[in-house]
């Protein structure tokens, strides 16, 4: 039996930008989406284990120039959890494309964090989305290196298949110090409000199960082979202190896509867009103007 997602009626009073939240049916799922701003549509897709809350500081800055669309991925936050097979990279990409189609807001630019960047690029490669440009923030775009690449996927599958794992992890999230250590392990430092929001997510077994499910079903080997076929202009933002995705991964991807623009953010970690939304917003706006993503405004 699947655990229920976070209860919006309980959480809405303390969730960032709750007034921008909407619920939509698309691709067989009930989605939580935040919509704000005016102008060309811009799609934000968060990474594994996060939710649309991670854009709480960045989204309002971008909403001054765009209509910002920020969904919770399937099984994350307040979006319904799909069956296990729908947590793979191609299936997640198809689900995001179905949501965009249902909203009738084809994005002119897409911005993804970590695994969210891979999902958006997969959409572009599959031609289910056709934005004018793609922004990757600490994108998890290449397979794990060395022994981790061999050991991690089977381990994640074992954890995911154990029905107790998500509940055990969720109980541990009530200890805020554990959450602080987990966030610091990514190389980032968040304020107390940010820690509390992640703690709310991690204490929900359905959210944890979807996170483990993504890890268990994630295969970037085919994605790596397909990546050089990306046609959209790409900006790779890499944080110098990222301990979750090695910063030099952006250089490797840049070698595969010589036209990609690379930007480094020294001193920030994996959650760079939460630590310094202003710097990230400035890069996105500059890139969007350079690539004429705002044409027609």
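What to note about this one:
- Average Cα contact separation per residue, the chain, under 8 Å, 6 or more apart, as relative contact order %: 21
- Descending semi-axes in whole angstrom, ellipsoid equivalent of the stretch 1-125, from the Cα gyration tensor: 20, 18, 12
- Residues 17, 46 in ascending order of nearby Cβ atoms (within 10 Å, fewest first): 17, 46.
- Share, in percent, of DSSP beta bridges within the stretch 1-124 that are antiparallel, nearest 5: 60
- Taking the chain as a Gaussian network of alpha-carbon nodes connected by springs under 10 Å, the highest mean-square fluctuation of the residues 286, 219, 276 belongs to 286.
- Shape of the stretch 171-284, Cα gyration tensor, a/c cut at 1.5: oblate
- Shape of the stretch 38-90, Cα gyration tensor, a/c cut at 1.5: prolate
- Residue 25-residue 175 pseudo-label distance in nm [points 7 Å out on the Cα-to-Cβ vector]: 4.3
- Shape of the stretch 215-273, Cα gyration tensor, a/c cut at 1.5: oblate
- In the elastic network of the chain, a GNM with C-alpha springs shorter than 10 Å, the most mobile of 99, 283, 236 is 283.
- In this calculation the C-beta distance from residue 193 to residue 231 is compared with R0 = 25 Å, giving a FRET efficiency of 0.05.
- Values of log10 I(q)/I(0), in the order q = 0.19, 0.20 Å⁻¹, for the stretch 185-244 under a Debye, Cα-only, solvent-free model: -1.04, -1.06
- Share, in percent, of DSSP beta bridges within the chain that are antiparallel, nearest 5: 30
- When the alpha carbon coordinates of the chain are projected onto the principal axes, the ranges are 49, 45, 37 Å, largest first.
- Label zone at residue 102 (point 7 Å along Cα-to-Cβ), backbone N below 18 Å, the stretch 66-94: 69-88, 91-94
- Between the stretch 61-107 and the stretch 217-234, the alpha-carbon center distance in angstrom: 19
None of the figures in this text is laboratory data; all of them are computed from the coordinates on show. Every value quoted in this text rests on a predicted model; they were computed, and no experiment measured them. Heads up, the Cβs are rebuilt from the backbone with ideal geometry, glycines too, and the neighbour counts pull from every protein chain shown.
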